[in-house]
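The values are calculated or read from the model by the stated rules, or taken from the named source; none is laboratory data. Bear in mind the structure is a predicted one, so any value in this text is a computation, not a measurement. Neighbour counts are summed over all protein chains in view; Cβ atoms, including those assigned to glycine, are modelled from backbone coordinates with ideal geometry.
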């Protein structure tokens, strides 16, 4: 009996379109003009749909590692299920510890 994927709606597709849009998203500056902002939103929306349909795995991870804007978009799409899944745990923990320490020091100065 074949094993069914946990998310059958996931598509097994070439990541070429994802890569092209990830590169384009990196080059777009959403603050440049109203037209540029609209283009940024369109590219981000299209890339988001492709990322949502992409099969997780080493190829997708490598693409996301090389394209921070696409990785942030991917993480935002999956935040409800995985939180900040692409951020290093050590960095996240370090930030939380630093914030707690700063709050503690601010309270003791009063």
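Could you tell me how many of the residues in the range 18-57 are within 12 Å of residue 77 (Cβ to Cβ) and in a helix (DSSP H, G or I)?
Within the range 18-57, residues that are within 12 Å of residue 77 (Cβ to Cβ) and in a helix (DSSP H, G or I) number 9.
With the structure loaded, tell me whether residue 84 is modelled with pLDDT under 85 and outside any helix (DSSP H, G or I) or whether it fails that test.
yes
With the condition kept exactly as written, say whether any residue in the range 45-61 is exposed (fewer than 11 other Cβ atoms within 10 Å of the Cβ) and at pLDDT below 75.
Taking every residue of the range 45-61 in turn, none turns out to be exposed (fewer than 11 other Cβ atoms within 10 Å of the Cβ) and at pLDDT below 75.
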